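A short worksheet on the structure shown next.
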Amino acid sequence: MHDPVRNRDGETPRRGVVRGAVVALSGIVAAFAALPAHADDLSEIQAIREEMRRLEAKVERLEAHHAHSGGDAGGRMFAGHGLRQHSLSGNAPAPSHPIDPSAVPDLRHLSIGGPAVSADSQTAAEEANEALQDANAQQQQPQLNMDSSSPLSITQTGVDSLPPVFRIGGVSVRLGGFIDFSNIYRSKNLTSGPATSWGSFPYANSPNAHTGEYRPSAQLTRLSVLLQGTPTDHQVLSAYIETDFGGAAGTANSYQTNSYTPRIRQAYMTYSDTKWGFHVLAGQAWSLTTGYTQGLLSRHEQLPPVVDNNQIPGIVFTRVPQIRFIKDFGRKWWVGLSFEAPQVAFAESDGMLDDGTLQPGVGMRGGTDVLYNNSGSGMLNPNAKYSMDVAPDIVLKGALDTKLAHYEVYGLARWFKALEKAYGTNSIRERVSFAGGVGGDITVHAIPKYLQVTGNVLAGRGIGRYGPSMISDATFKADGTPAPIPELIGSLGLIGHPTDNVLLYLYGGIETAGRNTYRGLDGRQYGYGVSDLDLESCDIEQITTSTCNAQTRTVADMTVGGWWHMLQGRYGAVMTGVQYTYVHKIAFSGTNNVGQRIDPTTGGNTIYVTFRYLPFQ
């Protein structure tokens with residue numbers, strides 16, 4: 001009988017694989033022993049020692065049982081890394097660097113197709129690999145990074161920082177997400193879930209303005225998958241999907257089973273060539289108008305670390321299908337061009353008759369009929385309205401990364417379309433208007449690791465869609481041409497890190513609109529921001545909802561909150577967060593029935609108390 005194949009250290013390959021895992025674990029134990037002792041650390045070290053003794057005994061049994069078995073060159077894999085065996089006593093010298101998991105082959109993923117590996121050997125290898133990962137995880141705690149102005153584990157799912165769970169061919173698969181339980185209190189009853197409708201805070205005429213609401217919810221529970229492959233050493237292909245339970249089908253309710261549905265938050269593919277600094281994204285993702293913490297690549301967005309799923313007033317964002325092209329110059333200068341799915345929110349509260357006819361303007365014989373949206377069909381929501389779009393929204397952005405700060409400046413271009421039929425004619429014409437704006441973002445590391453300052457601004461016409469308050473994008477001219485509404489969106493935030501496990505934030509934001517009106521044939525104003533509306537009913541309290549035609553001028557907020565990273569270990573991470581927001585809404589002035597000026601205002605408070613379990617962190 002032939003002697004079993006042995007590696008250059010004289011070990012059989014199987015023995016080399018298992019022995020290599022034990023050697024690696026010995027190094028970690030020694031490294032832990034050299035660290036300052038804490039009760040929890042000593043307990044963990046003792047547990048690892050006991051596990052290693054058990055594995056050592058299994059190695060001896062496997063050697064006797066498989067003395068004549070062939071095998072893969074597992075021993076050579078470990079020998080090539082130069083790992084030396086350490087004493088189990090804990091007195092051996094500690095390695096000068098922490099053990100790098102990438103330097104140790106993952107024994108769970110041995111190549112398929114080679115010589116057979118017995119069940120006992122495979123089990124031992126898996127146990128050794130798991131022990132190695134657990135020990136290294138303990139050494140690197142806390143894994144959850146709270147130092148950023150927009151920590152990914154809070155604002156998204158932090159999947160990039162996690163190791164692959166498994167591989168499919170040459171594609172790594174990472175899992176991310178969290179279980180969320182939010183307790184929500186609002187001083188005004190919006191009948192809203194965990195995404196606050198900031199622009200819908202009711203005026204005094206509504207009975208909902210005189211009572212609050214409490215809504216516990218698990219809808220913010222989020223799951224994600226990141227798949228990555230590397231065709232070459234400088235090319236990366238990725239696919240990312242992120243979902244939560246913010247959907248509400250026609251049968252969804254809160255009576256008994258709370259059957260809210262999964263929905264797409266993000267679903268996109270990317271290609272990156274680090275040699276040429278070229279990056280492409282295609283799919284549904286955060287808009288390029290959203291600020292970034294660094295560069296312009298996906299999953300680096302500068303999102304406020306708040307709980308509310310609708311962010312806070314003053315933040316600029318959408319999350320829509322798009323195709324994006326990015327070029328970086330030394331990972332310092334960045335240029336991006338994005339073509340994004342358009343939608344237009346038209347104001348309908350004044351100047352529009354029930355049959356879709358506009359009030360006639362000065363010099364006109366009659367009103368113009370307009371068509372500007374349609375109900376969904378096919379795979380679109382039949383209960384929603386979709387605008388008649390002529391072209392994508394286009395965003396061109398430049399960015400600069402320095403040691404002190406990250407800077408961005410961008411331009412936004414939009415086109416609005418409507419069909420009109422003038423009074424007394426039989427022909428339909430298409431009317432198209434241009435809209436857009438300019439914006440910028442900045443993130444300053446005021447006190448590195450302890451305090452960041454962030455700010456964003458977007459000013460232009462027809463940009464309401466890009467603010468959480470959802471102020472209308474456009475109204476109409478008398479001839480049916482879309483008339484973009486001027487608007488300013490902006491916010492300023494402070495994000496502090498008093499300790500490694502605590503994050504605090506303070507934000508202020510504003511969204512304010514201007515006027516776009518025309519004079520009607522009857523002498524009144526029509527459009528958006530009119531000053532002669534009868535708003536007397538807006539301040540009259542009613543037990544049944546009465547009509548208030550006030551048009552929103554400004555929504556401002558102040559938000560304060562924080563997160564506490566409570567627990568971290570092999571079981572994952574546990575966090576709790578608190579958010580308080582005060583909102584103040586101001587309408588354009590109107591009059592009452594005797595000509596006196598009316599200025600409707602309202603405001604409200606929202607409070608979130610949230611608990612999250614992040615099993616993959």
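Convex hull volume per residue, computed on the Cα atoms of region 265-344, equals 98 Å³. Legend: calculated FRET efficiency, Arg365 to Lys385, from the Cβ-Cβ distance at R0 = 22 Å, rounded to 0.05, equals 0.15. With the charge dipole of region 481-617 set up from +1 on Lys and Arg Cβ and -1 on Asp and Glu Cβ about the Cα centre, the Cα lying farthest toward the positive end among the listed residues Val560, Ser531, Thr602 is that of Val560. Taking all protein chains together and a 1.4 Å probe, the residues Lys332, Lys188, Lys397 rank Lys332, Lys188, Lys397 from largest to smallest accessible area. Here, region 395-527 yields an orientationally averaged convex hull projection of 10.6 nm² when only Cα atoms define the hull. Here the relative contact order of region 364-433, from alpha carbon pairs under 8 Å that lie six or more residues apart, stands at 32 percent. Alpha-carbon geometry of region 486-527: the Rg and the Dmax are 20.9, 65 Å, given in that order. Projected label points at Thr544 and Phe611, each 7 Å from Cα along the beta carbon direction, are separated by 4.4 nanometres. Extension gain, Thr251 to Val560: 0.36 nm times the residue separation minus the Cα-Cα distance gives 107.7 nm. Put simply, when 590-598, 338-346, 235-243 are sorted by average Cβ atoms within 10 angstrom per residue, most first, you get 338-346, 235-243, 590-598.
Semi-axes, largest first, in whole Å: what does sqrt of 5 times each Cα gyration tensor eigenvalue give for region 539-581? For region 539-581, the ellipsoid semi-axes come out as 43, 14, 9 Å. Distance from the C-alpha centroid of region 441-487 to that of region 236-276: 25 Å, rounded to the whole angstrom. A compact globular protein would have a Cα radius of gyration near 2.2 N^0.38 Å; the ratio found for region 228-282 is 1.80. Judged by the mean number of other Cβ atoms found within 10 Å, the most tightly packed of the peptides 504-514, 368-378, 474-484 leads the ranking 474-484, 504-514, 368-378. Compactness of region 475-617 is given as radius of gyration and Dmax, 22.4, 73 Å, from Cα positions. Could you list, in their original order, any pairs among Lys449/Lys585; Lys332/Lys449; Lys327/Lys449; Lys385/Lys477; Lys327/Lys403; Lys275/Lys397 whose Cα atoms are separated by more than 26 Å? Going by Cα-Cα distance, Lys449/Lys585; Lys327/Lys449 fall outside the 26 Å limit. Show me, bin by bin at 5 Å from 0, the whole-percent P(r) of region 277-402 based on Cα pairs. Spelled out bin by bin, region 277-402 gives 2, 9, 14, 16, 14, 13, 11, 8, 7, 4, 3, 1, 0 percent. Given 20 °C and 1.002 mPa s, compute D for region 146-231 with the Stokes-Einstein relation, Rh being the Kirkwood radius over Cα pairs; round to the nearest whole µm²/s. For these conditions, the coefficient is 133 µm²/s.
The values are calculated or read from the model by the stated rules, or taken from the named source; none is laboratory data. The structure displayed is predicted, hence computed values, not measured ones. All Cβ positions, even for glycine, are placed from backbone atoms using ideal geometry, and neighbour counts span all protein chains on display. Just the protein is used for accessible areas: all its heavy atoms, side chains included, with ligands, DNA and RNA removed. Shrake-Rupley method; radii C 1.70, N 1.55, O 1.52, S 1.80 Å.
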